[in-house]
Every structure is written in structure tokens, then in C-alpha cells.
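First comes the structure, then the notes that go with it.
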Amino acid sequence: MAPTPAGNRRTRIHVVSDVHGNARDLARAGDGADALVCLGDLVLFLDYADHSRGIFPDLFGVENADRIVALRTARRYEEAREFGARLWAGVGEDRAVVIEQAVRKQYAELFAAFPTPTYATYGNVDMPPLWREYAGPGTTVLDGERVEIGGWVFGFVGGGLRTPMRTPYEISDEEYAAKIEAVGEVDVLCTHIPPEVPELVYDTVARRFERGSRALLDAIRRTRPRYSLFGHVHQPLASRMRIGATECVNVGHFAGTGRPWALEW
């Protein structure tokens with residue numbers, strides 16, 4: 001990492017989201033920057049591009065991973081849940097315990113890869129209660145909170161909204177809106193999910209609309225931050241667009257590209 005900003009020197013931060021197990025590139029993501037910002041989804045449960053990677057294929061094999069991806073892609077969510085339930089029934093151990101053990105293994109590697117300083121918030125597939133155990137002194141975890149970096153105020157809101165996928169950290173629209181409200185006016189609004197704009201929430205590979213936040217969109221229009229940064233949608237129809245005075249940027253490509261998005265001022 002570069003030295004802490006001083007005087008009138010320009011500040012540079014690198015931003016990543018949707019890391020999904022890519023610890024190797026995460027260890028280099030802060031190179032040349034004053035700070036790293038991470039917008040969540042550290043865990044890799046199932047890689048939709050490579051069905052051999054993740055917790056699910058490690059437990060149940062690639063063939064079953066192929067099957068569940070096909071069901072989910074076809075939006076046959078109930079069938080996918082029933083198929084998954086049958087697989088879990090054959091494990092012979094408590095499902096929550098098995099998942100937590102696998103997540104802990106990934107978190108140990110990923111949090112160790114974070115440079116200092118890192119400012120991070122949760123994604124919808126993350127398990128927030130575990131972060132306190134793995135976040136070192138150089139990592140600041142924020143959710144519905146603000147921090148100043150290089151003279152600019154950054155607001156962080158983690159998690160996702162409820163969906164048929166039932167990922168670990170999905171919350172109600174009301175709870176999410178309250179966190180957006182708590183952040184207030186900031187220079188950079190950092191969230192895991194995008195504002196509810198069709199071009200920003202449509203995934204061109206999964207061929208479906210992901211959940212975006214109306215409260216986030218309203219806050220962008222009302223408070224006019226310089227930037228709205230987010231991930232969640234891996235292959236968006238539009239990766240960047242302006243909403244009024246705000247530049248909205250999807251940075252959710254880290255798992256596949258290994259490259260952070262840079263912001264300098």
C-alpha cells in the first residue's frame with residue numbers, strides 16, 4: 001500500500017466487490033493505493049462460470065453443481081431447493097455446521113489477504129457474525145456507517161434484499177432503507193447491491209434481473225454523492241452510468257478479472 005495521504009497529495013483508492021474466493025489477486029489489489037475498499041461477497045459457494053469451484057461442488061461434485069445451476073438459471077427455484085435438500089439429506093451432518101466450516105476456511109485465507117488499510121462491507125452471500133473473528137486491525141468493517149478517506153466521506157451499506165435464492169445476508173427493504181438513511185450525505189456511497197435501475201440490475205449472462213434497491217436510488221437522487229459504487233451483478237447490461245450528478249459504477253468483476261477499480265482525487 002502507498003503511504004497515508006499527507007498535505008495536498010492526491011489520494012488513490014482501489015475498490016473491489018464479488019471477490020468470491022479470489023485470494024491470490026486480493027493480496028495484490030491494494031498495490032499502489034492509499035486504501036482498499038471491498039464491497040462484499042467474499043465467499044465462493046458456487047462459481048456459475050466454472051462449476052468445479054466453490055463449497056457446493058466440493059461437497060456434492062461437479063455433476064450436481066451443473067444440475068443446480070441449470071435449475072436456477074431456468075428460474076426453477078423450487079425444484080432447485082428440493083434438489084439441494086435431497087443432497088444435503090445425504091451429508092449426515094448438520095448443514096449449518098458444514099457450511100460454516102467451509103466458509104471459515106475461505107475467510108481465514110481472504111481476510112489474511114486484505115492489505116492495510118481496508119474498508120469493507122458485507123455482500124449477500126457473506127456471514128456477518130464471522131467477520132469480527134477474521135478482520136484484523138488493518139480492516140475496518142462498516143455497515144450503515146461512514147468513514148473519511150483522504151478528505152472525502154464514504155458511506156457503506158452491506159447485504160442484499162430478499163430473493164428466492166435465500167442467500168445468507170438478505171434483509172428486508174425496510175431494514176436496508178434504514179441503513180441508507182443512517183449513512184446520509186456522503187461523497188462516495190458504497191453498497192453491495194446496485195440502485196434499482198434496469199440497466200444496472202440486469203445480468204446478461206444469467207439472463208435475469210437481480211434485486212436492486214429503490215431506497216438507494218432515491219438517496220442518490222436526493223443527496224447527490226459524487227460516486228455510487230456497487231457490485232452484485234457480475235455481467236451487467238450497463239457497468240457505468242450517471243444518475244443526475246452521480247457517477248454510478250459497477251465494480252463487481254473482481255472474481256473473474258482480478259483487477260480492482262481505481263478512484264483518484
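The values are calculated or read from the model by the stated rules, or taken from the named source; none is laboratory data. Quantities reported herein were computed from a predicted structural model and do not represent experimental measurements. Every residue, glycine as well, gets a Cβ built from its backbone with ideal geometry; the counts of neighbours run over all protein chains shown. Just the protein is used for accessible areas: all its heavy atoms, side chains included, with ligands, DNA and RNA removed. Shrake-Rupley method; radii C 1.70, N 1.55, O 1.52, S 1.80 Å.
Points to keep in mind about this one:
- Flag if GLU93 is without any contact (Cβ under 8 Å) to a residue 12 or more places away in the chain and not in a helix (DSSP H, G or I): yes
- Condition broken by CYS190, with the remaining ones in (1) in a helix (DSSP H, G or I); (2) open to solvent by less than 10 Å² (accessible area, probe 1.4 Å) satisfied: (1)
- Looking only at residues of segment 215-232 that are in contact (Cβ under 8 Å) with a residue 40 or more places away in the chain and in a loop (DSSP other than H, G, I, E, B), we find that the one that is surrounded by the fewest Cβ atoms within 10 Å (Cβ to Cβ) is ARG226.
- For segment 257-264, the count of residues that are out of contact with any Asp or Glu (no Cβ under 6 Å at 6 or more places or on another chain), over 22 Å from GLY144 (Cα atoms), assigned to a loop (DSSP other than H, G, I, E, B) and at pLDDT 95 or above is at least one.
- Tally of residues being modelled with pLDDT under 95 and of a type in the set (Val, Ile, Thr) across segment 88-122: 4
- Verdict on ASP50 being free of Cβ contacts under 8 Å to residues at least 12 places away in the same chain, among the acidic types (Asp, Glu) and either crowded, with 20+ Cβ neighbours inside 10 Å or not in a helix (DSSP H, G or I) (or both): yes
- Checking ALA182 against (1) modelled with pLDDT of 95 or more; (2) open to solvent by 30 Å² or more (accessible area, probe 1.4 Å); (3) not in a helix (DSSP H, G or I), the condition it does not meet: (3)
- Residue match in segment 196-214 (condition: in a loop (DSSP other than H, G, I, E, B), touching a residue at least 60 places away in the same chain (Cβ under 8 Å), open to solvent by less than 30 Å² (accessible area, probe 1.4 Å) and within 18 Å of GLY21 (Cα to Cα)): no
- All of GLU133, GLU79, GLU148, GLU109 fail the test of being in a strand (DSSP E or B) and open to solvent by 70 Å² or more (accessible area, probe 1.4 Å), apart from GLU148.
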